[in-house]
Amino acid sequence: MTDPTQVETGQPKEGAPAPPASAPAVAPDPAPAPAVAPAPAVAPAPAAATDTAEHGQGFVPPPYAERHFRRRWLPAAALGVMAIGFCVWAALLTTYTVGNRAVAAAAALLTTLALAAIAHAALLSYQRQTRAGAAVTTNLEFRQRGLKAAVIGDDGRASTSKTGIVVWTAAVVTALIYLLLLSRTVPGQSLFLGALNQNWRPEYLVLLGLPAAAATAAVAAVKSSNHGQGPDLIVAGQTASPGRYTRQMVPDDINGFSQGLAELITDDNGVVAWADLQYVAFNVVTLVYFVSQVLSTPTSGLPPIPAALLTLMGVSATTYAANKGIETHTNS
C-alpha cells in the first residue's frame with residue numbers, strides 16, 4: 001500500500017529508508033568517423049592557344065582552318081559536276097558561233113577550277129593524315145596548307161615568282177582545253193592538234209620557263225645572301241632549317257586573299273617594291289593580251305607573243321631576282 005504522505009509531497013516518509021541511488025548513465029562510445037577519401041589531383045589546365053612557347057608566336061588559326069573532311073570535298077565536287085555538264089554541252093556543239101565559243105570558254109575555265117579544287121582537297125586530306133589530326137599551330141603552316149603552298153614562299157608570304165608560274169600554267173592549260181572543246185565547231189580542222197603541231201609557238205617555252213627561272217634565281221639570291229649564314233628558320237619553337245638565311249617571317253595576324261595580293265608587290269615591311277610591281281605589271285599586260293587573242297581568234301591556235309612583251313618580261317624578271325638579293329642583304 002502506498003504511503004499517502006509520500007504521494008502528496010513526493011518525499012519519502014520520515015524515518016523510512018532512502019531508496020538506493022541509481023548508477024549514472026554512461027554515454028555510448030561515439031561511432032568512428034568514416035574515412036574521407038583524398039581529393040583527386042587536379043590536372044593543370046592546358047595552355048591557351050596564344051601561348052607563344054607552344055603555338056608559334058601566338059598564332060590562332062581561323063575557325064575554318066579545320067573543316068570536316070566532307071566539307072573540304074564539297075566545293076570540289078560541285079565544281080566538278082558543273083565542269084562536266086558544260087564540257088558535255090560544249091562537246092555537242094557543231095557550229096562556230098559567238099555563243100558556242102562562250103560556252104566552250106566557260107567549260108574550260110570551270111574544268112581548270114575543278115581540277116585545282118580537287119587537288120586542294122586531296123592535299124588537305126593528305127596533310128591532315130600526316131599530322132595525325134593535329135591542329136595547325138603556326139601561320140606558316142596554315143598559309144602553306146593544300147594547294148596554297150604552290151604560291152607561298154618559305155617566309156609565309158605570297159611569292160611573286162611562284163604566282164607567275166601558277167598563273168601562266170593555268171592560262172595555257174585552260175586555253176588548250178578551250179581549243180579542244182571547239183574542235184567540232186570547225187569542220188576539217190582540229191584546233192587542239194593544230195595548236196600543238198602546225199601552230200606551235202616556241203616562245204611559249206620562254207613564257208612558261210621565265211617565271212620558273214625567276215623563282216629559282218630569287219630563291220638562290222635569298223639563300224646565298226650573307227654567304228649562306230643567317231638566322232635559323234624557327235617553326236613551333238624548333239629549328240627547322242639551321243644555317244640557311246631566310247626572309248622575315250610573316251606576322252601571325254596576316255591572312256586572307258587581299259593580303260596575299262598585296263604581298264605580290266610589297267617587301268617584308270609592307271612597302272611597295274618597285275621591282276616586284278614592275279614584274280607583276282608586265283606579266284598582267286602579257287596575260288591580258290594572251291587571253292584576248294585566244295578568245296577572239298581560236299582558229300589560229302595559241303597566239304604568238306610579241307617579242308617586245310617577252311623582252312619586257314625578261315628584263316623585269318632579271319631585275320626582280322637581283323632585287324631579292326639586295327633586300328636580303330639589307331635585312332641582314
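Within region 143-172, how many residues turn out to be within 19 Å of Ala218 (Cα to Cα), assigned to a helix (DSSP H, G or I) and touching a residue at least 40 places away in the same chain (Cβ under 8 Å)?
Residues flagged as within 19 Å of Ala218 (Cα to Cα), assigned to a helix (DSSP H, G or I) and touching a residue at least 40 places away in the same chain (Cβ under 8 Å) within region 143-172 amount to 8.
Output the residue which, of all residues in region 197-218 that are free of Cβ contacts under 8 Å to residues at least 60 places away in the same chain and surrounded by 14 or more Cβ atoms within 10 Å (Cβ to Cβ), is nearest to the chain's Cα centre (by Cα).
First, the residues of region 197-218 that are free of Cβ contacts under 8 Å to residues at least 60 places away in the same chain: 197, 202, 205, 208-209, 212, 215-216.
Checking the rest, the ones that are also surrounded by 14 or more Cβ atoms within 10 Å (Cβ to Cβ) come to 208, 212, 215.
On the way: Leu208: 25, Ala212: 22, Ala215: 20 Å.
Once the filter is applied, the top-ranked residue is Ala215.
Taking region 177-202, which residues are assigned to a helix (DSSP H, G or I) and over 16 Å from Pro304 (Cβ atoms)? Spell out how you get there, then give the answer.
Within region 177-202, the subset assigned to a helix (DSSP H, G or I) is 177-181, 183-185, 191-196.
If the condition is that a residue be assigned to a helix (DSSP H, G or I) and over 16 Å from Pro304 (Cβ atoms), then Ile177, Tyr178, Leu180, Leu181, Ser183, Arg184, Thr185, Phe192, Leu193 are the ones that fit.
Restricting attention to region 255-275, report how many residues are over 14 Å from Tyr320 (Cα atoms) and part of a loop (DSSP other than H, G, I, E, B).
6
Of the residues in region 90-148, how many are closer than 30 Å to Ser292 by Cα and over 14 Å from the mean Cα position of the chain (by Cα)?
The first filter runs over region 90-148 and keeps only residues closer than 30 Å to Ser292 by Cα, leaving 90-120, 147-148.
After this cut, where a residue has to be over 14 Å from the mean Cα position of the chain (by Cα) as well, the list is 90-115, 118.
Qualifying residue count, region 90-148: 27.
Output the number of the condition that Arg244 fails; it satisfies all remaining conditions of (1) surrounded by fewer than 20 Cβ atoms within 10 Å (Cβ to Cβ); (2) at pLDDT 70 or above; (3) among the basic types (Lys, Arg).
So Arg244 meets the others, but not (2).
Please verify whether region 49-57 includes one or more residues that are modelled with pLDDT under 90 and assigned to a helix (DSSP H, G or I).
So the first thing to find is which residues in region 49-57 are modelled with pLDDT under 90, and the list is 49-57.
Retained after the next criterion (residues that are assigned to a helix (DSSP H, G or I)): none.
Looking for residues that are modelled with pLDDT under 90 and assigned to a helix (DSSP H, G or I), one finds none in region 49-57, hence no.
Can you tell me which residue among Thr286, Thr266 is β-branched (Val, Ile, Thr), modelled with pLDDT of 75 or more and in contact with a helix residue (DSSP H, G or I) (Cβ under 6 Å, 6 or more places away or on another chain)?
Thr286
Inspect all residues belonging to region 108-120 and state whether any of them is modelled with pLDDT of 80 or more, more than 30 Å from Gly188 (Cβ to Cβ), assigned to a helix (DSSP H, G or I) and not aliphatic (A, V, I, L, M). Give the derivation first.
Taking region 108-120 as the starting set, the residues that turn out to be modelled with pLDDT of 80 or more are 108-120.
From the residues that got through so far, the ones that are more than 30 Å from Gly188 (Cβ to Cβ) too are 113-120.
Applying the additional criterion that residues be assigned to a helix (DSSP H, G or I) yields 113-120.
Keeping just the survivors that are not aliphatic (A, V, I, L, M) gives 120.
Within region 108-120, one or more residues are modelled with pLDDT of 80 or more, more than 30 Å from Gly188 (Cβ to Cβ), assigned to a helix (DSSP H, G or I) and not aliphatic (A, V, I, L, M).
Scan region 293-320 for residues that are of a type in the set (S, T, N, Q) and either modelled with pLDDT of 95 or more or touching a Pro at 6+ places or on another chain (Cβ under 8 Å) (or both) and jot them down. So that I can check it myself, show each step before the final result.
The first filter runs over region 293-320 and keeps only residues of a type in the set (S, T, N, Q), leaving 293, 296-297, 299-300, 311, 316, 318-319.
Matches in region 293-320: Gln293, Thr297.
List, please: which pairs have Cβ atoms under 8 Å, are six or more places apart or on different chains, and start with a residue in region 80-98 that is among the β-branched types (Val, Ile, Thr) and end with one that is surrounded by 12 or more Cβ atoms within 10 Å (Cβ to Cβ) and modelled with pLDDT under 90?
If the second residue must be surrounded by 12 or more Cβ atoms within 10 Å (Cβ to Cβ) and modelled with pLDDT under 90, the pairs left are Thr94/Arg184; Thr94/Thr185; Thr95/Thr185; Thr97/Thr185.
The values are calculated or read from the model by the stated rules, or taken from the named source; none is laboratory data. Treat the numbers as computed from the prediction; the structure is a model and nothing was measured. Every residue, glycine as well, gets a Cβ built from its backbone with ideal geometry; the counts of neighbours run over all protein chains shown.
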